[in-house]
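The values are calculated or read from the model by the stated rules, or taken from the named source; none is laboratory data. All of these numbers come straight from a predicted model, not from anything done at the bench. Note: ideal-geometry Cβ built from the backbone for every residue, glycine included; neighbour counts use all protein chains shown. Just the protein is used for accessible areas: all its heavy atoms, side chains included, with ligands, DNA and RNA removed. Shrake-Rupley method; radii C 1.70, N 1.55, O 1.52, S 1.80 Å.
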Amino acid sequence: IPDDDALGLNNTDHFAYIVGYGNGEVQPQNSITRAEVAAIFFRLLEDSIRNENFTHQNDFSDVAADAWYCSSVSTLSRMGIIAGYPDGTFRPNAPITRAEFAAIATRFDADGDKTPASFDDIANHWAKDEISVAANNGWVNGYKDGSFRPQNNITRAETMSLVNRVLNRNPETAEDLLSDMITFTDNADTNAWYYLVVQEATNSHYNTSKENSAYEKWTGLRKTLD
């Protein structure tokens, strides 16, 4: 990925990268799997980057050719964005940890600032550099007690929050959205910290930057890409 290629991710077109479960829910508080995370970043690749690196072949013993996530996992593996385990598995259906997710995100920023983050529980962690890059970029936050809790499973809402920060996708209030957008029964509380995060991640839309602000305002819905 060229250094000047905006991380190789499409941060211009605000397409949905998360879908609901068909029952009206998006389950923001549930954990997310390694395969689902691979699919998110695969969808968000710049078209040229995806096309140049696309493959359906991988060396993982547990990623079958007919698995729905095979292309996502295979392509990102070829790019060096995701990795498996020493036993040759990828464990696609396993929940992903906060450290693993930070590591994946920061591989799109090879020259990121590795100045050690101030979290009190990452000094000896294998992903301390990746977590530090993500923190220095403003992509991840810790907890009030000063910890990052790298081994905790990341939730779907936390995943969407991090991805939105990476892509600078950031509505400020519910008034910045549109009344005819896709909504979910378990994301109806506009006061929930993740309400705007989830709506941003699940609705393809056109947008404009708010005047003198880092926030966006939606101007219309658009068709979600396959």
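Remark: region 68-77, residue by residue, has Karplus-estimated 3J(HN,Hα) of 4, 9, 4, 5, 4, 5, 5, 5, 5, 5 Hz, where x stands for each Gly or Pro and the curve is 6.51 cos²θ - 1.76 cosθ + 1.60 at θ = phi - 60°.
The chymotrypsin sites (Phe, Trp or Tyr not before Pro) found in region 33-114 that occupy coil by DSSP, while having at most 12 further C-beta atoms within 10 Å, are 68.
The phi torsions of region 135-140, fed into the Karplus equation with coefficients 6.51, -1.76 and 1.60 and a -60° offset, translate into couplings of 5, 5, 7, x, 8, 10 Hz, rounded to whole numbers, with Gly and Pro shown as x. Straight-line cross-link reach from residue 223 at under 27 Å between alpha-carbon atoms covers these lysines, not counting any fewer than eight positions away in the same chain: 210. Within a straight-line Cα-Cα reach of under 20 Å, residue 217 can be paired with the following aspartates and glutamates, leaving aside sequence neighbours fewer than 8 residues apart in one chain: 13, 172, 175, 176, 180, 189, 200. If each Cα of region 1-89 is one equal point scatterer, what is log10 of I(q)/I(0) from the Debye formula at q = 0.10, 0.12, 0.15, 0.18 Å⁻¹? Log10 I(q)/I(0), no solvent term: -0.29, -0.42, -0.64, -0.88. Label-to-label distance for residue 54 and residue 94 is 3.0 nm, based on points extended 7 Å past Cα in the beta-carbon direction.
If exposed trypsin sites (Lys or Arg not before Pro) are those in a DSSP loop with at most 12 other Cβ within 10 Å, what is the longest stretch of the chain that has none?
Details: sites that count: 144, 223.
That would be 1-143.
Using R0 = 25 Å, the C-beta based FRET efficiency linking residue 182 and residue 66 works out to 0.30.
As a test of understanding, state the convex hull volume per residue of region 96-150 from its alpha carbons, in Å³.
Working: hull volume 3.7 nm³, N = 55.
Considering the Cα atoms of region 96-150, their hull volume per residue is 68 Å³.
Out of the GluC sites (Glu not before Pro) in region 1-93, which ones are loop residues according to DSSP with at most 14 other C-beta atoms within 10 Å?
Values: sites: 25, 36, 46, 52; in loops: 25, 46.
Answer by residue number: 25.
Taken along the Cα-to-beta-carbon direction at a fixed 7 Å, the label points for residue 87 and residue 111 span 4.0 nm. Under 21 Å Cα-Cα from residue 128, which lysines qualify once same-chain neighbours fewer than 8 residues away are excluded? Filter leaves 114, 144. Any idea how far the Cα center of region 19-91 sits from the one of region 175-226, in Å? Measuring centre to centre over Cα atoms gives 25 Å.
Just the accessible area per residue of region 95-220, please: how many Å² with a 1.4 Å probe? Don't skip to the end; give the middle numbers.
Numbers: 6140 Å² over 126 residues.
The answer is 49 Å² per residue.
The value for region 35-177 of Rg(Cα) / (2.2 N^0.38 Å) is 1.09.
Placing +1 at every Lys and Arg Cβ and -1 at every Asp and Glu Cβ, with all other atoms neutral, what dipole size does the chain have around its Cα centre, in debye to the nearest 20? It works out to roughly 260 debye.
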